Amino acid sequence: MNRVVTGNMADVKQGINKLRELINHHNYRYYVLDSPEISDAEYDEFMRELKQLEEAHPELITPDSPTQRVGAAPVEAFGVVEHPQPLLSLANAFSDEELDAWYRRASNLLGSRRTDFVCELKIDGLAVALTYVNGLLDVGATRGDGYRGENITQNLRTVNSIPLSVPKEAPPRFEVRGEVYLPKTGFKKLNEERAKEGLPLFANPRNAAAGSVRQLDPRITAQRPLDIFVYGLGWTEGRAVPETHWEIMQYLKSLDFKINPNIALCHTIAEAKAYYAKWVESQETLPYEADGVVVKINSIPFQVELGNVGREPRWAVAYKFPAVQGTTRLLDIGINVGRTGSLNPYAILEPVQVGGVTIKHAALHNEEDIHRKDIRIGDWVVIQRAGEVIPEIVEPIVSRRSGKEKIFRMPETCPVCGAEVIKPEDEAMHRCTNAACPAQALERIKHFVSRGAMDIEGVGEKMSQALFDAGLIKDAGDLYYLTQDRLLSMERMADKSVANILNSIEKSKNRPLPRVIFALGIPNIGEETAELLTEHYNSLDDLARATPEKLQEIPSIGPKIADSIVAFFRQGQNKKIIEKLREAGVKLETEKAKRKDLPLAGLEFVITGRLEASRQEAEAKIKALGGKAGSDVTRKTSYLVVGEEPGSKLARAQALGTKTLTEAEFLELLKKSENKLK
């Protein structure tokens, strides 16, 4: 299978889609079949690459992207377990600078309040959730997609280090989370036995553990020397628990759970770095595989307050161990053209195995970086990969040069449209000068009409391509000037389909302002950020006049996002598109000015458990009545709406003294609020 090379592809969306297909394929091989085709590190590289692309093009993020999921779908043969509290994945750090950046983000939200940390080795195994009821192991489940896992209770009962019962002082109902793993000696022995029997070997201890735990016959699981380290408490009911992670781990140890003996309490971020440095040097001495260190903020109230961002908690980070390096020949340097016109070089390598993974391509940041490292086409080079980092060239091996190597020069014309290429003085990147370059314009149109943006039904990717190729549209603004005659001039277009398209375009004129902002494709602006901006700006014109300083006064808006917004509205081509939208009657204002008078203004609601009504519909009503729909219970939460089978959010709300509403009470509140508007 050929690896999808991205970075910033000329056809960005096509590149992202190919990368998603690749990751989904390996998710299935890895989590479902327990038969991976690549190593964990290679998989991490693909995921990191996709995350970087989606961060650069947040308008292309879709709900079904692998980055929006935590794992893979459960195998139905085991039965499905709903996780009351999602098992989230962790953000990664690959340097002290990235760890410091994570710490600064958390510290900024906590203010002057001091925090300490708990550091634990990141075990390379299979994450599981163990639920105990009245002192007995009741359910054991895999992570699955983070919300629904596989019921592997009978298999987990065979793992000797998992207690089947706990002391009476344990809570009546609670969940612990841990990592089931196969020790190095057990992995070696298992593969030796499989080799004798002519069976395929496991790629690594992690997949051996997964394959062992997820056997349909528990007797097979029982024959394998599996072990577990418990790393946290998921949720509890009926009994108070300590308010620091360190104390919780000691508490779990007192309940006979096995915790990693190398866990450490660190009082400063410097101590956490020292812990990491120690295990970078000593990891080979461990009797199990570990691929990094997990750093967690110790205070549970602080964890609750910090909450999550997307699918990752703000209060923890995985600091991955250093990269693996290898050498190979640089065959050529290719060019991708990004959505903003940037020309992005990438390395085409002679395939090489690095840690059991085949590397064919690597990242090259820009021409200046290539020349700074003195990388030449034909060189033997040192390449590096680590976790989710895209493989990159570290340096050339100058001593192996033959004299035939070629110095790389950026092309003078765009490889997509042939337009002149320039390099702005204040930028490191070369750029295509053609604002209508197909590498940019078409992708912006496709994003504009997408479901999460203006949701113009009937004008999907294929129709956008057809309209663009036919010359009927050059940018998103042109969509609103399409006519029946012009559409009927296209092949295979009938009166009914044309009428449906025009009707859908007309309906889109009334999309709320956050959707319009998101649809414009401003770099670094996703759906959530667009919503956030409209809480502070009542119209597109107001946003266009905002200064970087004012924008950065908004929580979660940093210099990069602020600069992206200002730069977007400064460009003449973007101004022309906005004027086309305005003249066509697209709604560029919000009713925000009146929202302070709405019944639920200033109130934040969080929902837990299953509602009879649609959760999305409930959250939409909250927003329509002026309220805010939150995802985590914090001190700012006004009400927790409690449905059937609520999760740990209820316990958090009780601990914080947050008011709770049953679904009936919530619906009554909505009804009264709606009546006030009549």
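The values are calculated or read from the model by the stated rules, or taken from the named source; none is laboratory data. Note that the structure is a prediction, hence the values are computed from the model and not measured. Cβ atoms come from the backbone with ideal geometry, glycine included; neighbour counts cover every protein chain shown.
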Quick check on my filter: what residues within segment 132-156 are in contact (Cβ under 8 Å) with a residue 60 or more places away in the chain and either among the β-branched types (Val, Ile, Thr) or in a strand (DSSP E or B) (or both)? 141, 142, 148, 149, 150, 151, 152
Quick check on my filter: what residues within segment 595-609 are at pLDDT below 80 and over 28 Å from residue 539 (Cβ atoms)? none
Residue 403 vs. criteria modelled with pLDDT of 85 or more and assigned to a loop (DSSP other than H, G, I, E, B): yes
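Of all residues in segment 90-99, how many are within 20 Å of the chain's Cα centre (by Cα) and surrounded by fewer than 15 Cβ atoms within 10 Å (Cβ to Cβ)?
The initial filter retains those residues of segment 90-99 that are within 20 Å of the chain's Cα centre (by Cα), namely 90-95, 98-99.
Add one more test, that the residue is surrounded by fewer than 15 Cβ atoms within 10 Å (Cβ to Cβ), and what stays is 95.
Counting residues in segment 90-99 that are within 20 Å of the chain's Cα centre (by Cα) and surrounded by fewer than 15 Cβ atoms within 10 Å (Cβ to Cβ) gives 1.
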Report, by residue number, each residue of segment 616-637 that is outside any helix (DSSP H, G or I) and either of a type in the set (Asp, Glu) or farther than 22 Å from residue 86 by Cα (or both). 625, 626, 627, 632
Could you run through segment 300-340 and say how many residues are modelled with pLDDT under 90 and of a type in the set (A, V, I, L, M, F, W, C)? 5
Among residues belonging to segment 428-453 that are basic (Lys, Arg), surrounded by fewer than 23 Cβ atoms within 10 Å (Cβ to Cβ) and out of contact with any strand residue (DSSP E or B) (no Cβ under 8 Å at 6 or more places or on another chain), point out the one that is modelled with the highest pLDDT. 444
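Determine which member of the set 278, 253, 296 is basic (Lys, Arg), under 22 Å from residue 180 (Cα atoms) and at pLDDT below 95.
253
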Here's a check for you: in segment 613-652, which residue that is more than 26 Å from the chain's Cα centre (by Cα) and at pLDDT below 80 is surrounded by the fewest Cβ atoms within 10 Å (Cβ to Cβ)? 645
Residues that are crowded, with 21+ Cβ neighbours inside 10 Å and in contact (Cβ under 8 Å) with a residue 12 or more places away in the chain: list the strands (runs of 3 or more DSSP E) wholly contained in segment 243-357 that include at least 2 such residues. 290-297, 316-320, 324-337, 342-354
Can you tell me how many residues in segment 539-562 are under 20 Å from residue 628 (Cα atoms) and crowded, with 19+ Cβ neighbours inside 10 Å? 1
For residue 457, all conditions in the list (1) part of a helix (DSSP H, G or I); (2) free of Cβ contacts under 8 Å to residues at least 60 places away in the same chain hold save one; what is the number of the exception? (1)
Residues within segment 219-232 that are surrounded by fewer than 16 Cβ atoms within 10 Å (Cβ to Cβ) and in a helix (DSSP H, G or I), tallied: 2
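Restricting segment 388-400 to residues that are surrounded by 12 or more Cβ atoms within 10 Å (Cβ to Cβ) and among the aliphatic types (A, V, I, L, M), which is modelled with the highest pLDDT?
Looking at the filtered set, the residue picked out is 397.
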Odd one out for residue 145 among (1) modelled with pLDDT under 90; (2) buried (at least 22 other Cβ atoms within 10 Å of the Cβ); (3) under 26 Å from residue 290 (Cβ atoms); (4) not hydrophobic (A, V, I, L, M, F, W, C): (2)
If residue 288 satisfies every condition in (1) modelled with pLDDT under 95; (2) under 24 Å from residue 162 (Cα atoms); (3) out of contact with any helix residue (DSSP H, G or I) (no Cβ under 7 Å at 6 or more places or on another chain) but one, which is the exception? (3)
So residue 34 fits all but one of (1) under 30 Å from residue 633 (Cβ atoms); (2) at pLDDT below 65; (3) among the charged types (D, E, K, R); what number is the exception? (1)
Whether any residue in segment 154-176 is crowded, with 24+ Cβ neighbours inside 10 Å, modelled with pLDDT of 90 or more and either within 21 Å of the chain's Cα centre (by Cα) or not aliphatic (A, V, I, L, M) (or both) is what I want to check. yes
Of the residues in segment 177-190, those that are of a type in the set (Val, Ile, Thr) and either surrounded by fewer than 17 Cβ atoms within 10 Å (Cβ to Cβ) or not assigned by TED's automatic domain parsing to the domain that holds residue 124 (or both) number 1
Filter segment 94-131 for residues that are assigned to a strand (DSSP E or B) and touching a helix residue (DSSP H, G or I) at 6+ places or on another chain (Cβ under 6 Å); which is nearest to residue 146 (Cα to Cα)? 126
If we ask which residues in segment 520-538 are surrounded by 17 or more Cβ atoms within 10 Å (Cβ to Cβ), over 12 Å from residue 61 (Cα atoms) and not β-branched (Val, Ile, Thr), their number turns out to be 8
Criterion first (in a helix (DSSP H, G or I), aromatic (Phe, Trp, Tyr) and at pLDDT 75 or above) does residue 235 satisfy it? no
Out of 45, 82, 98, 54, which single residue is touching an Asp or Glu at 6+ places or on another chain (Cβ under 8 Å) and modelled with pLDDT of 80 or more? 82
So the check is Cβ under 8 Å with 6+ separation or different chains; which pairs have a first residue in segment 76-95 that's over 24 Å from residue 50 (Cβ atoms) and a second one that's charged (D, E, K, R) and outside any strand (DSSP E or B)? 78/214; 82/645; 84/645; 85/649
Across segment 539-553, which residue is farthest from residue 585 (Cα to Cα) among those that are out of contact with any Gly (no Cβ under 7 Å at 6 or more places or on another chain) and assigned to a loop (DSSP other than H, G, I, E, B)? 553
For segment 598-615, how many residues meet the condition of being of a type outside the set (Lys, Arg), out of contact with any Phe, Trp or Tyr (no Cβ under 7 Å at 6 or more places or on another chain) and assigned to a strand (DSSP E or B)? 4
Is it the case that segment 647-665 has a residue that's assigned to a strand (DSSP E or B), of a type in the set (S, T, N, Q) and not assigned by TED's automatic domain parsing to the domain that holds residue 304? yes
Return the only residue of 194, 206 being without any contact (Cβ under 8 Å) to a residue 24 or more places away in the chain and not in a strand (DSSP E or B). 194
